[in-house]
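Here the structure is laid out as structure tokens; the discussion comes afterwards.
The values are calculated or read from the model by the stated rules, or taken from the named source; none is laboratory data. Everything quoted here is computed from the prediction, not taken from an experiment. Neighbour counts run over all protein chains shown; Cβ positions are idealised from the backbone, glycine included. Remember, those area values only see protein heavy atoms, side chains included, never the ligands or the DNA or RNA. Shrake-Rupley method; radii C 1.70, N 1.55, O 1.52, S 1.80 Å.
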Amino acid sequence: MSSDIRFTDFKSDKQPTWCPGCGDFGTMNGMMKALAETGNDPDNTFVVAGIGCSGKIGTYMHSYALHGVHGRALPVGTGVKMARPDIEVMVAGGDGDGYSIGAGHFVHAVRRNVDMTYVVMDNRIYGLTKGQASPTSREDFETSTSPEGPKQPPVNPHALALASGATFIAQSFSSDALRHQEIIQKAVEHDGFGFVNVYSPCVTFNDVDTYDYFRDSLVDLKEEDHDPSDKEAAKDVIFDDETEHQGIIYQDEESVPYHERHGVDEDMSVIPDGAPEGATDLVREFY
């Protein structure tokens, strides 16, 4: 790791194709700044993304990267961290990618407490496929495919994370640049699975959950004297359906990440030639 890295070192020469004003610009800037501030650099960073507007973020960031398939970014990130526990792994996705087809992988990545950061760009809509309701859309949110709204309650990602044994749960707003960076940085520094749901407004298809809406509605937990180590207090925040929060909701300071708990501390990315020692004898036991 280096102290001479600037966040601009994480910028690639590829120009994002996101809509002008998309919240993902701010989300990505905060990710890059957090990585630089924690002493990481592109040579020791691996960014994994799934499908959706956020999917090409690895192209826009200068680091090792993989653009995975829909809902499967977390298994890839887990594999990278197990093979190379020495590098920084950051997984990025959207509310559709993470809480719909990827929900099962989300639960298991959380409960394993893999030492990586998961940043979800939550715009409460499917933006890339032109504006359908997503898992986090409001029950009465009108779209072209649900003109009367989805008529089902939205997924509560924080409740899902807490029930799965999360050791770090947070929420940020992409437009609140300094606070967003601070929260992502705390997630990176956390020993274990750092989960941050980011309000990242879609300016093209969502005219309800807008920048103005979040600016007017957000309550910062840091200004509310919230204790993130208090799980009961975290539950109160998570199940408060009347308030939009930002900040660190819950953090287990005693968290032990998966690779330490299971003794995975060596570089396993290089596979030696030939079968492992004793493999032939093991196979013969079944014949």
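A few points about this structure:
- A Förster radius of 51 Å combined with the Cβ-Cβ distance from D240 to L282 puts the calculated FRET efficiency at roughly 0.40.
- Whole-number accessible area per residue in Å² for the stretch 18-284, which is evaluated in the context of all protein chains at 1.4 Å: 46
- The charge dipole of the chain, taken about the Cα centre with unit charges on the Cβ atoms of Lys, Arg (+1) and Asp, Glu (-1), comes to about 1080 debye, rounded to the nearest 20.
- In straight-distance terms, cross-link reach from K56 covers every one of the aspartates and glutamates whose alpha-carbon lies under 16 Å from its own, apart from those fewer than eight places away in the same chain; here that gives D13, D24, D95, D97, D122.
- On the chain, 49 percent of the accessible area sits on carbon and sulfur atoms, based on a 1.4 Å probe.
- Test item: Cα-centred dipole of the stretch 160-237, Lys/Arg +1 and Asp/Glu -1 on Cβ, debye: 300
- The chain: antiparallel DSSP beta bridges as a percent of all, rounded to 5: 20
- Sorted peptide list for 91-97, 169-175, 231-237, 67-73, criterion being average Cβ within 10 angstrom, highest first: 91-97, 169-175, 67-73, 231-237
- Dimensionless Rg/Rh of the stretch 18-284 - Kirkwood Rh, Rg from C-alpha atoms: 1.00
- For the stretch 25-46, no residue has its backbone nitrogen under 13 Å from a point 7 Å from the Cα of E266, taken along Cα to Cβ.
- Taking the average, over residues, of other Cβ atoms within 10 Å as the packing measure, peptides 115-127, 205-217, 25-37, 248-260 rank 115-127, 25-37, 248-260, 205-217 from highest down.
- Pairs from K130/K222; K11/K235; K33/K151; K130/K235; K14/K222; K11/K81 whose Cα-Cα separation, in the structure shown, is over 29 Å: K130/K222; K11/K235; K33/K151; K130/K235; K14/K222
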